[in-house]
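Quick note: the coordinates plus some simple rules give every number you see, no bench work behind them. Being a predicted model, the structure only gives us computed values, none of them experimental. Backbone-built Cβ (ideal geometry, glycine too); neighbour counts: all protein chains shown.
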Amino acid sequence: MSEKVIVIGGGHNGLTAAATLARHGRSVVLLEKRSGLGGLAAPFEIADGYRVPGLLHDTDRFRPAVARALELHQHGLQWRETPRTELGLSAKGRGVLLSSNREAMAQELQQHSPSDVQPYHRLMTFLDSIRHIVEDLFDSPPPAPAKRELGEAIKMLKKGWAFRRLGAETMIEVLRIAPMCIADWLNEHFESAHLKALLASPALLGTWMGPWSAGSTTTWLLDELTRGRAVAGGPAALVDSLRRCAEAAGVEIRTGCPVRHLQLENGRVRGVELESGETIETASVLATTDAQTTFLELIRPADLGVEFAERIANVRSRGLVAKVHLALSGPLENTTRPGSFERMRTGEHVDDLERAFDAVKYRQISERPILDVWVPSLEDSSLAPKGHHVVSILAQFAPYDLEGGWTDAARVTLGDRVVDTLAEYAPGLKKRIVARQVLSPADLEGELGLTGGHLYHGEHALDQLAFLRPVFDCAHYRTPIEGLIVGGSSCHPGGGLTGVPGWLAAKAL
Amino acid sequence: MSRHSPFHERTAALCTSYRWKEWAGYHAVCSYDTSVEREYFAFRHAAGLLDASPLIKYDVRGPDAAAYLSRLSVRRIDKLAVGRVVYCCWVDDRGHVIDDGTIARLDEDAYRVTTGEPELWWLEQNRRGYDVSVEETTHRYGVLALQGPSSGAILSAVTGTDLTGLRYFGLTSARLADRDVLVSRTGYTGDLGYEVWVEAEHALPVWDTLMTEGRAYGIVPAGLDALDVTRIEAGYLLLGIDYKSAPRCLIDAQKSSPYEIGLGWMVQLDREPFIGQAALRAEKERGSEWALVGLDVSWTALEALYERHGLPPSLATHAWRTAAPLYDGKRQIGQATSGTWSPTLKRNLALATVRRGYDRVGTRIEIETTVEYRRHTIPATVVDRPFFDPERRRS
């Protein structure tokens, strides 16, 4: 088992996979196209002296099971002990300060909307009762309902039994809500429109859904139930510890090393050809690139089955989130509530979210985008010159296939709309902008090789999750090509900084 | 609503029998006369002129056309020289035949593909990653099949070029009735024969010239019924009758591999990857379950059977295509899918699919025959295909 494994992609999944394999005694070479590691978790420079520590914001979905398996604490990983808070920005009132601390949340609701306190507790109790089921699904390979193997049948029975043991009432509730839209479900619980909008919006990241889209409750549950503590220092710190872990385990890391294609012989992996012309012989490749890149670009069409290629091409991967980065000459002050907040979010009503989503159906940029705002320089002042700050914004929605294409003018329009929207809650904002960077889904595709500029390597949707992700015949990390394993966000359990696809794929090898 | 072929004005005027059928969305003549004999014997003894315009055509162009078609086909296309045509079949991932037809190399980067059924979806689906364009050109060209021993002489006369030197499966441009045409030495009759390809708007003068100049050589307009008799004599398959197109099958049992329909000879396994390669390699190693054979159905047994009923022997005057079960004793071992009385060979012929083990020449089996609404079986013998194969077909 000592032959060489090539891991393609140096994002969090690639690093996790490489480290896992190396710690199991495999000789591993990791190839990253860009000059630095981390992918969506890598630091990104906005302007000279200003950078953000990652394109994605949340590290609180990185799975403790992966961190434990790789002993990342020995490689510098530190969890943040403070609860995660997020201010829901409001033009008129005090907004809502969401908190992962339940007492703080209850107190906040007591102030904001007293009738929502009890429903909040009830919802949390319900989530607690099903959390272990979702976590178990999340941390293990997806079930394989089509496989005729005793071991698989037993695994399915175990999962089914655990599900049944929730009790009839909870089980039926899960089955009832899974295909629902998040807006309907939250309406059953809460009164405060602002609270519902804030709770609903994380369900939309990485999907092609508005809050009234069927199935958004499932994406909401997956997001909500897999959150834990965040990593101190954000995505960049996570990548650092993964890199150290991989290096300590002996992984040979080669950056600036784009792969041209995989060399195959009789349906088996034989080697990897780099853009430089160099070839590396190997019988095992673990690719963490997205499914379409892996199968339709890195593999020559002749080497792939027709039906399989067609299914891969049909995986929906329409990016609709843009990144806007701001470098500010001072803090980002808001009118909603005094003080500095590391995380803020716009959207005071579910209708605001839906209206923003409507635009992408017609290939337009939302008039008033929904913003997920992060000021990482509050935690790490080294990201900007003294007294200055950086703001990282995930702006929804901006379609990959924008009508008229992503011209410079379109980028300016997007940037203006984002800044205008934020400035409604932060009147001093515009004067403080030193630099502004707009990354459309098309830019994200170009910069990071994400098909469709999709941050999650393919949309989260009921038909693109678990054993259907990315398609059923490679949902268990093995692919129709012998020696090729896939382990990026295109695979179960999907996108976001979780480390799980890479980890499970490495274990499958 | 069926379309009219570019020759419709002429064929309609001649079709006094009013016997038409639908072919790929076009009106096509079954036979101009009420019986098939005159047209059949023109194919075998002089020249029959068949309007084959409904033949489905795709023009494939682009720098990757050769690689693309090679990947699609069970045989290499990249080695095909300009001015050559090849008979070929196409399979899916699991090695099941989708269609069969010809590929002609018109130019360095241009090919013309003909298929039995519309396959644009499949050609388009597999274009990903190849710099090629695929365009359906069925309606753009009129095609005339001029088949029979005097076809070469007629064509040479009307084009003013000696076409007798055009090799079997060769393709050349020529002038006919002052129009540019392509002439290929291809056909579906198993005889000496050519196909003339002309742009639709120039179709009628080409027909007229062939008919006028061909009179001295005994040219006869012929329909699909006569063609069907000749193609069975030649042992050629008909999609939808002798085998079924895999994507159009409802169950796997209806699908066939090239090995199972007698096209194994064209499969070239050891080369760059092509669609179905792994499945076909595995089948070749494993051996196929079915085989396509030619049958000679006993005339004496048939005569005797009719006699038992007090009847003279009776056979349809044209080819049949209602499948008949085949038996080895009580065990059903396959089916005959089409057949005909061969007026030239004076034999009762059929194309059949049989289980492995029954495909050796000389194997005696039984075929179901119905006389006076009663089912019987009569003996049939596996014989070589093609049943009829004159020197002049290839020479």
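What order do you get for A:LYS431, B:LYS284 when you list them from fewest to most C-beta neighbours inside 10 Å?
Working: A:LYS431 10, B:LYS284 16.
Lowest count first: A:LYS431, B:LYS284.
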Within segment B:209-238, find all residues whose amide N lies under 18 Å from a label point positioned 7 Å from the Cα of B:THR34 along Cα-to-beta-carbon.
B:223, B:225-226
Pull out the extension gain between A:LYS158 and A:ASP48, defined as 0.36 nm times the separation in residues minus the alpha carbon to alpha carbon distance; nm, one decimal.
34.2 nm
Karplus 3J(HN,Hα) series, Hz, for segment A:280-293 with 6.51 cos²θ - 1.76 cosθ + 1.60 (x for Gly, Pro):
10, 7, 6, 9, 10, 10, 10, 9, 10, 5, 5, 4, 5, 5
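Can you classify segment A:31-143 as rounded, prolate or oblate using the Cα gyration tensor, where a ≥ b ≥ c are the square roots of its eigenvalues, rounded means a/c under 1.5, and otherwise it's prolate if a/b beats b/c and oblate if not? Could the numbers behind the result be given before it?
Values: a/c = 2.58, a/b = 1.35, b/c = 1.91.
In terms of gyration-tensor shape, oblate.
Out of the trypsin sites (Lys or Arg not before Pro) in segment A:106-151, which ones are loop residues according to DSSP with at most 12 other C-beta atoms within 10 Å?
Loop-located and lightly packed - A:ARG148.
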Note, ³J(HN,Hα) from phi for segment B:294-309, Karplus 6.51, -1.76, 1.60, rounded to Hz, x at Gly and Pro
x, 10, 10, 8, 4, 6, 5, 5, 5, 4, 4, 4, 5, 4, 4, 8
If one builds a Gaussian network model of chain B from Cα atoms under 10 Å apart, the most fluctuating residue listed among B:VAL74, B:VAL60, B:VAL134 is B:VAL134
Under 8 Å for C-alpha pairs, at least 6 residues apart: give me the relative contact order for segment A:423-475, rounded to a whole percent.
16 percent
To the nearest whole number, what is the average tally of beta carbon atoms from other chains within 10 Å of the beta carbons of peptide A:296-302?
5
In square nanometres and to one decimal, what's the mean projected area of the convex hull around the Cα atoms of segment A:321-448?
7.9 nm²
For chain B, what does -39500 (n - 2.57) per DSSP helix run (n ≥ 4), summed and divided by total residues, give at 222 nm, in deg cm²/dmol to the nearest 500?
-6000 deg cm²/dmol
Take B:GLN332 and B:ALA110, extend 7 Å from each Cα along the Cα→Cβ direction, and tell me the distance between the two endpoints in nm.
5.0 nm
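Mind listing which GluC sites (Glu not before Pro) in segment A:407-464 are in a DSSP loop and have 16 or fewer other Cβ atoms within 10 Å?
Numbers: sites: A:GLU424, A:GLU445, A:GLU447, A:GLU459; in loops: A:GLU424, A:GLU459.
Within segment A:407-464, the qualifying GluC sites (Glu not before Pro) (loop, at most 16 other Cβ atoms within 10 Å) are A:GLU424.
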Please report the net charge: other residues with Cβ closer than 12 Å to the Cβ of B:SER314, K and R +1, D and E -1.
-3
What is the distance, in nm, between label points placed 7 Å from the Cα along the Cα-to-Cβ direction at A:ARG80 and at A:ASN314?
4.2 nm
If you plug each phi of segment B:217-225 into the Karplus form 6.51 cos²θ - 1.76 cosθ + 1.60 with θ = phi - 60°, what whole-Hz ³J(HN,Hα) values come out, in order, with x for Gly and Pro?
9, x, 5, 9, x, 10, x, 5, 5
Averaging sequence separations of C-alpha pairs under 8 Å and six or more residues apart, then dividing by the length of chain B, give the relative contact order as a whole percent.
17 percent
Sum of -39500 (n - 2.57) over DSSP H runs of 4+, divided by residues of chain A (222 nm, nearest 500)
-10500 deg cm²/dmol
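Where does the charge balance sit around B:GLY62 when Lys and Arg score +1, Asp and Glu -1, over other residues with C-beta under 10 Å from its C-beta?
Within the 10 Å Cβ shell, the charges total -1.
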Counting only other residues whose beta carbon sits under 14 Å from that of B:ILE365, what net charge do I get with K and R as +1, D and E as -1?
+1
Based on alpha-carbon centroids, what's the gap between segment A:1-27 and segment A:304-368 in Å, whole number please?
32 Å
Would you grab the residues whose amide H sits under 5 Å from the one on A:GLY233? Only those 5+ places off in sequence or on another chain, please, with H modelled 1.01 Å from N.
none
Run the simple label-point estimate for A:ALA104 and B:SER2 please: 7 Å along Cα→C-beta, distance reported in nm.
7.9 nm
Here D for chain A, in µm²/s, from Stokes-Einstein with a Kirkwood Rh over Cα pairs at 10 °C and 1.306 mPa s, works out to 68 µm²/s
Using the structure shown, select from B:LYS21/B:LYS330; B:LYS244/B:LYS284; A:LYS159/A:LYS323; A:LYS323/A:LYS507; A:LYS155/A:LYS507; B:LYS57/B:LYS244 the pairs with a Cα to Cα distance greater than 27 angstrom.
B:LYS21/B:LYS330; A:LYS159/A:LYS323; A:LYS323/A:LYS507
Provide Rg and Dmax in Å for the protein assembly as shown, with only Cα atoms included in the calculation.
35.4, 114
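Could you work out the relative contact order of chain A, using alpha carbon pairs under 8 angstrom and six or more residues apart, expressed as a whole percent? Don't skip to the end; give the middle numbers.
On the way: 1122 pairs, mean separation 122.3, N = 509.
Relative contact order, chain A: 24 percent.
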